[in-house]
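Okay, structure first, notes after.
The values are calculated or read from the model by the stated rules, or taken from the named source; none is laboratory data. This structure is a prediction, so every number in the text was calculated from the model and none was measured. Virtual Cβ from ideal backbone geometry, glycine too; neighbours counted across all protein chains shown. Areas reflect the complete protein model, heavy atoms only, side chains present, ligands, DNA and RNA absent. Shrake-Rupley method; radii C 1.70, N 1.55, O 1.52, S 1.80 Å.
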Amino acid sequence: MNKTILASAALFAALVSVPHAHAQKGGTPDPKAVQAGSYSVEPYHTQVAFTLLHMGFTNFSGFFSQASGTLTLDPAHIDATKLDVTLPIASVQTTVGKLDGELKSADWFDAEKFPTAHFVSTRVTRAGSSMATITGDLTLHGVTKPVTFKARLIGSGVNPLDKKETVGFEGTAVISRSAFGVSRYVPLVGDQVTLHIAGAFEKAS
């Protein structure tokens with residue numbers, strides 16, 4: 001038996017030995033499948049990425065993680081949706097280790113004095129079968145300002161690994177960082193910041 005046949009046999013054996021859960025279907029994008037109820041943030045797959053113009057050369061990005069919070073959702077009454085999410089500022093991460101430390105300092109986010117960013121919704125409106133507009137108050141760096149997100153359903157269903165009912169969204173918004181008092185190097189480093197949110201939520205038992 002030559003090496004090619006042996007390699008093919010090994011690959012086939014590896015594929016058929018994958019646990020059954022891995023082969024199960026994940027979430028569906030069908031909005032009719034979303035279950036009403038109270039959800040909690042699933043922190044391991046929830047991220048807030050930020051992008052801003054760096055000295056006119058590149059769009060530079062980083063992200064926050066380790067979110068916590070709740071979502072009250074009823075697809076039949078989308079305007080009754082309630083979203084409350086908190087992010088630890090110390091979770092900020094970029095591709096530059098030195099910058100990560102600087103961003104936590106008093107010159108930027110001042111994570112010691114203002115350890116969290118907090119968003120709580122004030123109005124949610126349907127914008128399509130899988131879309132919604134979420135307006136709320138964002139508190140960052142000790143300043144609270146209204147922010148509007150455009151949200152889109154990614155999928156919902158039972159997570160095949162932990163067996164929990166899960167729903168996931170993506171959201172985008174644009175904010176002015178100087179409006180929140182984070183103004184270092186403006187305008188050399190852009191004031192306009194685009195936020196891109198990947199939000200995963202697990203239904204309470």
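For the chain, what is the relative contact order in percent, using Cα pairs closer than 8 Å and at least 6 residues apart in sequence?
Details: 455 pairs, mean separation 48.9, N = 205.
Relative contact order here is 24 percent.
Lys203: which lysines have alpha carbons under 30 Å from its alpha carbon, excluding same-chain residues fewer than 8 sequence positions away?
In chain and number order, the partners are Lys25, Lys32, Lys82, Lys145, Lys150, Lys163, Lys164.
What's the angle, to the nearest 10 degrees (0 to 90), between helix 3-16's Cα axis and the longest principal axis of the chain?
70 degrees
Let me have the relative contact order for segment 114-205, percent, based on Cα pairs under 8 Å that are six or more residues apart. Don't skip to the answer; put the middle values down first.
Working: 174 pairs, mean separation 19.4, N = 92.
Across segment 114-205, relative contact order equals 21 percent.
How large a share of the accessible area of the chain, in percent, is made up of carbon and sulfur atoms when the probe is 1.4 Å and the other protein chains stay in place? Mind showing how you got there, number by number?
Details: 7140 of 11930 Å².
The computed percentage sits at 60.
Looking at the square roots a ≥ b ≥ c of the eigenvalues of the Cα gyration tensor of segment 78-171, which shape do they give, rounded for a/c under 1.5, prolate if a/b is larger than b/c, or oblate? Let's see the in-between values first.
Details: a/c = 2.58, a/b = 1.54, b/c = 1.67.
Oblate, since a/c reaches 1.5 and b/c is not below a/b.
Tell me, what is the per residue accessible area of segment 114-205 in Å², probe radius 1.4 Å?
50 Å²
May I have the extent of the alpha carbons of segment 27-149 along their three principal axes, as whole Å values ordered from largest to smallest?
Its Cα atoms span 47, 30, 25 Å along the three principal axes.
How large, in Å, is the chain by the Kirkwood hydrodynamic radius built from its alpha-carbon pairs?
On the way: mean 1/r = 0.0525 Å⁻¹.
Answer for the chain: a Kirkwood hydrodynamic radius of 19.0 Å.
Under 1.5 on a/c is rounded, so check that first for segment 117-171, then, if it is not, pick prolate when a/b is larger than b/c and oblate when it is not; a ≥ b ≥ c are the square roots of the alpha carbon gyration tensor eigenvalues. Could you put the intermediate results ahead of the total?
Details: a/c = 3.61, a/b = 1.63, b/c = 2.22.
It is oblate, given that a/c is not under 1.5 and a/b is not larger than b/c.
Between Thr95 and Val143, how many nm apart are label points set 7 Å from Cα along the C-beta direction?
Reported label-point gap for Thr95 and Val143 is 2.9 nm.
Run the quick spin-label model on Ser130 and Asp84: label points 7 Å from Cα toward the beta carbon, then report their separation in nm to one decimal.
3.0 nm
Between segment 151-200 and segment 20-78, how many Å separate their Cα centres?
The two parts, judged by their Cα centres, are 8 Å apart.
How much length is gained if the chain between Ala33 and Val174 is pulled fully straight, taking 0.36 nm per residue apart and subtracting their Cα-Cα distance, in nm to one decimal? Walk me through the numbers before you get to the answer.
Working: separation 141, 0.36 × 141 = 50.76 nm, distance 2.98 nm.
My answer for the length gained is 47.8 nm.
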